[in-house]
Amino acid sequence: MRKQLLTTTAVMLLAFTGSAFADMDAAKKFLDSEVGDLSSLDRAGQEAEMQWFVDAAKPFAGMDIKVVSETIATHEYESKVLAPAFTAITGIKITHDLIGEGDVIEKLQTQMQSGENIYDAYVNDSDLIGTHWRYQQARSLTDFMANEGKDVTNPNLDLKDFIGTSFTTAPDGKLYQLPDQQFANLYWFRYDWFNDEKNKADFKAKYGYDLGVPVNWSAYEDIAEFFTGREIDGKKVYGHMDYGKKDPSLGWRFTDAWLSMAGNGDKGIPNGLPVDEWGIKVNEKSQPVGSCVARGGDTNGPAAVYSIEKYLQWLKAYAPASAAGMTFSESGPVPSQGEVAQQMFTYTAFTASFVKEGLPVVNADGTPKWRFAPSPHGVYWKDGMKLGYQDVGSWTLMKSTPDDRAKAAWLYAQFVTSKTVDVKKSHVGLTFIRQSTLDHKSFTDRAPKLGGLVEFYRSPARVQWSPTGTNIPDYPKLAQLWWQAIGDASSGAKTAQEAMDSLCAEQEKVLERLERAGVQGEMGPKLAEEHDLAYWNKDAVEKGNLAPQLKIENEKEKPLTVNYDELVKSWQK
């Protein structure tokens, strides 16, 4: 779900009208006008699934149900097309509100604190999985589907077809959220420039190895240096793009797994254990025990500090001067303007806005001049670690929502993620949640115009991209600390070490308050005793773990690149 994007996707208005009651005729009109062959089900399977929705919804016909999500193209399609369709088919009136991501979390927090049923269902980031599990105010969908929600759970839901349920499953093994849309942060580069013979020859002559997709940060840095100031198509270009304004969006840049790319935390998929990519450590009971190195955490350890130093260095040396004063939304479209050679960290939800006709980064035939590839990793990174962030906006039902309203909302959540509609929805938003959708022939046909997005999501590499995990006991409280700390480093008010020292201390204040309050019971924080880095590194190594790692004296490792086309072929094998 991220983050009030500047992208806009034209959405088709509903091409049919239905009655105020459950109506299979309306379903058939919807299938004719909106779905067609863009479904992983054949027409008979589509009609069978729609018939189930018609029958299951009968007890709730005439109800007014309110749900909410942030504003991105996928949810615009749901709100403007799928919600009216669901209403016509089932007789359940759905109001699907679109608001800012921060507003979604604020509404959710208010409902958690007051017990007032503000919305009947929320699409909120799976980054809150640790919050939902510990506060126990969100319904366990595992329990719900087996008990009070059994009669409204689609027998064709097929949870195994969802590619992101490991992100929405808590340490108790139960599913708390149903993925609705997913997208990753990937490396983005100008494929045409990287394949230009003069660029390749000049790069090889200067650095002694081939220009290609950087596997590590050393190669990324060389490529950034090489392109910055180089003249291409009559314009001076840049080797890097980022943003640095002290703004809440600066926090996303880092909580969305920047530290993991550097090698912060421990090995583990989808998140490092016992130390995750935020540097927060948990014990064997999944209780958070610290964030600072002094308690065995890694938020201010050598890997984290290295990640911030590289961010600052590259922003200053290789990005446009204006980037330092930009927010997330302002910086997002810049690479599509044709003056940036590569970007370490690009949300794939921008894809639709990067393939528009007439852009400097799009060929006359509509194919992109750029490609997505796996992100390079830093010197502290080890095989088996996560390598980047994947956003997973997910349906969440609160216990404070009355059962009948939760059941009606659950029907809508399943409708908009159903096999009947998911292929078409994915073509609109390019935010994949189902393997059956990824395997659909229409995406094989469209893949050449999406710059490697489909190939990445079909590849085994995708498992190394994951959301914030279960180590985070209160995402809203902790996430807001990041932009303030990183902002101090970005502005020069603090060094990278000072900024991360401050951040881990502030995170531990929150952990301490939660421990003292006892509001999360035995799942809440239990802070560890303090020792030095050497102590905790020795303790980690003895237990077969990594974090916190000791400082590597030479953080400029041997640069390594890979040919993009060969990389894609290796995935396909």
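Restricting attention to the range 147-167, which residues are under 26 Å from Q46 (Cβ atoms), part of a helix (DSSP H, G or I), touching a residue at least 24 places away in the same chain (Cβ under 8 Å) and not charged (D, E, K, R)? Steps first, please.
The first filter runs over the range 147-167 and keeps only residues under 26 Å from Q46 (Cβ atoms), leaving 149-165.
If we keep only those that are part of a helix (DSSP H, G or I) too, we end up with 150-152, 159-161, 165.
Still in the running and touching a residue at least 24 places away in the same chain (Cβ under 8 Å): 151-152, 161.
Within the range 147-167, just V152 meets the criteria.
List pairs: first in the range 364-378 and surrounded by fewer than 23 Cβ atoms within 10 Å (Cβ to Cβ), second of a type in the set (D, E, K, R), Cβ under 7 Å, 6+ apart or cross-chain?
Hits for this filter: G366/E357; G366/K449; T367/K449; K369/R190; K369/D192.
Taking L141 as the residue in question, decide whether it is in contact (Cβ under 8 Å) with a residue 60 or more places away in the chain and surrounded by fewer than 24 Cβ atoms within 10 Å (Cβ to Cβ).
No; evaluated as a whole, the condition is false for this residue.
Among the candidates T401, T420, single out the residue that is in contact (Cβ under 8 Å) with a residue 12 or more places away in the chain, β-branched (V, I, T) and touching a Leu at 6+ places or on another chain (Cβ under 6 Å).
Testing whether each residue is in contact (Cβ under 8 Å) with a residue 12 or more places away in the chain, β-branched (V, I, T) and touching a Leu at 6+ places or on another chain (Cβ under 6 Å) leaves just T420.
Mind listing whichever residues of the range 522-553 are surrounded by fewer than 18 Cβ atoms within 10 Å (Cβ to Cβ) and free of Cβ contacts under 8 Å to residues at least 24 places away in the same chain?
Listed by number, the residues that qualify are A534, Y535, K538, V541, E542, K543, G544, E553.
Say whether the condition of being among the β-branched types (V, I, T) and buried (at least 22 other Cβ atoms within 10 Å of the Cβ) is met by at least one residue in the range 307-327.
Yes: one or more hits.
Go through (1) in a helix (DSSP H, G or I); (2) under 19 Å from P302 (Cβ atoms); (3) without any contact (Cβ under 8 Å) to a residue 24 or more places away in the chain for K494 and report which single condition fails.
The number of the failed condition is (1).
I'd like the residue in the range 112-126 that is under 24 Å from the mean Cα position of the chain (by Cα) and not in a loop (DSSP other than H, G, I, E, B) and, out of all such residues, is surrounded by the most Cβ atoms within 10 Å (Cβ to Cβ).
Just the residues of the range 112-126 that are under 24 Å from the mean Cα position of the chain (by Cα), to begin with: 112, 119-126.
Then drop every residue that is not not in a loop (DSSP other than H, G, I, E, B), which leaves 112, 121-126.
Details: M112: 19, A121: 25, Y122: 26, V123: 28, N124: 26, D125: 24, S126: 33.
Only one residue fits best here, namely S126.
Yes/no matrix, rows are residues, columns are (1) among the aromatic types (F, W, Y); (2) closer than 22 Å to L478 by Cβ:
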site: A499; (1), (2): no, yes
site: E522; (1), (2): no, yes
site: L533; (1), (2): no, no
site: W536; (1), (2): yes, yes
site: P548; (1), (2): no, yes
site: K558; (1), (2): no, no
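For (1) among the polar types (S, T, N, Q); (2) over 15 Å from A408 (Cα atoms); (3) out of contact with any Cys (no Cβ under 7 Å at 6 or more places or on another chain); (4) assigned to a helix (DSSP H, G or I), each residue gets a yes or a no:
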{"residue": "G62", "(1), (2), (3), (4)": "no, no, yes, no"}
{"residue": "K66", "(1), (2), (3), (4)": "no, no, yes, no"}
{"residue": "H75", "(1), (2), (3), (4)": "no, yes, yes, yes"}
{"residue": "I89", "(1), (2), (3), (4)": "no, no, yes, yes"}
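Starting from residues that are among the small types (G, A, S) and within 32 Å of the chain's Cα centre (by Cα), keep the ones in the range 172-214 and report whichever is surrounded by the fewest Cβ atoms within 10 Å (Cβ to Cβ).
Among those residues, the one meeting the criterion is G173.
So which of A10, A73, A22 is surrounded by 18 or more Cβ atoms within 10 Å (Cβ to Cβ), over 30 Å from L128 (Cβ atoms), at pLDDT below 95 and among the hydrophobic types (A, V, I, L, M, F, W, C)?
The conditions single out A22.
The values are calculated or read from the model by the stated rules, or taken from the named source; none is laboratory data. Just so it is clear, the model here is predicted, and its values are computed rather than measured. Methodologically, a virtual Cβ is constructed for each residue, glycine included, from the backbone with ideal geometry; neighbour enumeration extends over all protein chains shown.
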